[in-house]
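Remarks on the structure that follows.
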Number of protein chains: 2
Amino acid sequence: MSDKATPAPAAPAPVTGERWSPDHLIRHLCETIRTVGVGNRLPSERALAERLDVSRTALRDRIQLLEGLGILRRVPGSGTYVQALDSSGLALVLELAVAACGLTATDLLSVRAALERQAAIELAAAGDPGRLTPVRAALEAMETAVTAEENDTADREFHDALLCAAGNPALSFFADALRRPLRELTTERNAAVNRLPDNRSRMTAAHRTLYRAVAAGNPAEASSALDETFRAPHGNG
Amino acid sequence: MSDKATPAPAAPAPVTGERWSPDHLIRHLCETIRTVGVGNRLPSERALAERLDVSRTALRDRIQLLEGLGILRRVPGSGTYVQALDSSGLALVLELAVAACGLTATDLLSVRAALERQAAIELAAAGDPGRLTPVRAALEAMETAVTAEENDTADREFHDALLCAAGNPALSFFADALRRPLRELTTERNAAVNRLPDNRSRMTAAHRTLYRAVAAGNPAEASSALDETFRAPHGNG
């Protein structure tokens, strides 16, 4: 099934001028964008304003907003096109939402764990060991790390490589957007792990178990090993 | 740890006028918003423009964009405040990003499964059966559903109740935002389940297993039962 071919849901009966809240207008533009698809051109401003029964000024204001977010691009003399956002653009939009809704880093870490668990399960089910090469390289870097900094870098690389290897763009999209809001918390947690040698070898072992479970095609074991790699460090001293 | 008390990461050295891309400016505003926290007032436009070394026009343009998204609110004679977005506002921002990046509904369904699995694991670990009352009610509605429509409604209620019961606002935030983009796909899948009575009783059984695993405090079993409730229906006939 192609999502692009899907017609937009039936629009509610348009209402005149003032009764359109900006949100309704954005929502309709959003549906239009989804129907039109990345790389394609929106209907003309005039046609859109007529269809939605709003002023062209109101419409232009919303299009400008979407342009500012990198979702639409106006090409003079040609029209307005739907942009394929790069991951930094996507991350920015999500970051804005996260910044403005008071989600805590701890709550967001659950989402990151959820995404990685899904990646691990999909990878274990795929049975394609070639995809695991970067994950194994990061694991080896963790095992041979000398400084706390090397360990921290290899740890992050391991998690990123795992998510990336799953090859699911939606998992990567959300994980990318969470990276910046989570950076501080994860830096703090990794520092706490690195302060105690016991923590560090326990964490490296958890990563090794996770790698082996995924490589062996064992989703259930991968899932519990993943949880262990997210466990808060014992002893914050 | 309170995220609001966390100072913003050190700003890169500001550069003059033209070299600021809108994205950099938005990113800095985003960090400012996170530091200031919901309900509080941004520094004055003049102070912000000075700190970031950009024109007040460029700054005002970006503030307008964030106002359009419902992230900031200007109060005449008082200042610009950070808004606590309601869930529909959050969903809209995420929907925009999703609409403009060509993620397929199938990829997004993985994310929804990942979030629900996390919710199920957190619920199983919490050991608070009182929270499961709405989940059980939805399960009972599935078990006694007569029409395909009743079954579909109860099925959705079950999944929503499960996510909500976990009480993690970040999981709910992402799940809410995915609801609209996924509606069509899930309607199609549920219809396919409902076409064959065998599918339907198999799916109801999977939901019952999931409920029991969560109620019994068994995260591993909850995780695999959750996967079964997301499995594509057998036989599309």
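Any read-out appearing in this document is the output of simple, stated calculations on the displayed coordinates, not a laboratory observation. Bear in mind that the values here come from a model prediction, so they are computed numbers and not experimental data. Heads up, the Cβs are rebuilt from the backbone with ideal geometry, glycines too, and the neighbour counts pull from every protein chain shown.
Give, to the nearest whole percent, the P(r) tail of segment A:130-177 beyond 19 angstrom, counting all Cα pairs. Show your work: numbers first, answer last.
Numbers: 333 of 1128 pairs.
Above the 19 Å cut-off, segment A:130-177 has 30 percent of its Cα pairs.
Calculate the radius of gyration of the Cα atoms of segment B:88-230 to one decimal place, then report Dmax, the largest Cα-Cα distance, as a whole number, both in Å.
According to the Cα coordinates of segment B:88-230, Rg and Dmax are 14.8, 42 Å.
Could you tell me the relative contact order of segment B:17-82? Use alpha-carbon pairs under 8 Å, at least six residues apart, and round to a whole percent.
Details: 53 pairs, mean separation 25.3, N = 66.
It comes to 38 percent, rounded to a whole number.
If the label for residue A:78 sits 7 angstrom from Cα along the Cα-to-Cβ line, what are its distances to the same label in every other copy, in nm to one decimal, shortest first?
Its label point is 4.6 nm from the equivalent points in the other copies.
Taking a point 7 Å out from Cα toward Cβ as the label site, list the nm distances between residue B:127 and the same residue in every other copy, smallest first.
Label-point distances to the other copies, shortest first: 3.9 nm.
Could you list which residues have their amide H under 5 Å from that of residue A:72, counting only those 5 or more apart in sequence or on another chain, with H placed in the peptide plane?
Correct list: A:67, A:83.
Spin-label point model (7 Å from Cα, Cβ direction): what's the residue A:64 to residue A:133 distance in nm?
5.0
Summarise the partner chain shielding of A:166-172 as one whole number: the mean count of Cβ atoms from other chains within 10 Å of each residue's Cβ.
Working: counts 1, 1, 8, 7, 15, 6, 2.
For peptide A:166-172, the averaged partner shielding equals 6.
Output, in nm with one decimal and in ascending order, the distances from the residue B:231 label point to the matching label points of the other copies (7 Å from Cα along Cα-to-Cβ).
In ascending order, 3.1 nm.
Point me to the residue of chain B whose C-beta lies closest to the B-onto-A rotation axis, rounding the distance to whole angstrom.
B:114, 2
Nothing charged except the Cβ atoms of Lys and Arg (+1) and of Asp and Glu (-1): what's the magnitude of the dipole of segment A:176-237 about its Cα centre? Round to the nearest 20 debye.
Numbers: 10 positive and 7 negative charges, 38 e Å.
Computed charge dipole of segment A:176-237: roughly 180 debye.
With no solvent and one equal point scatterer placed on each C-alpha of segment B:17-82, evaluate the Debye formula and give log10 I(q)/I(0) for q = 0.14, 0.17, 0.21, 0.26 Å⁻¹, two decimals.
Debye intensities relative to I(0), on a log10 scale: -0.35, -0.53, -0.82, -1.29.
Find, among the GluC sites (Glu not before Pro) in segment B:114-194, those assigned to loop by DSSP (not H, G, I, E, B) with at most 13 other beta-carbon atoms within 10 angstrom.
On the way: sites: B:116, B:122, B:140, B:143, B:149, B:150, B:157, B:184, B:188; in loops: none.
Here no loop site has a sparse enough neighbourhood.
What spacing in nm lies between the two simple spin-label points modelled at residue A:57 and residue A:212, each 7 Å away from Cα in the Cβ direction?
Each label point lies 7 Å from its Cα, and together they span 7.0 nm.
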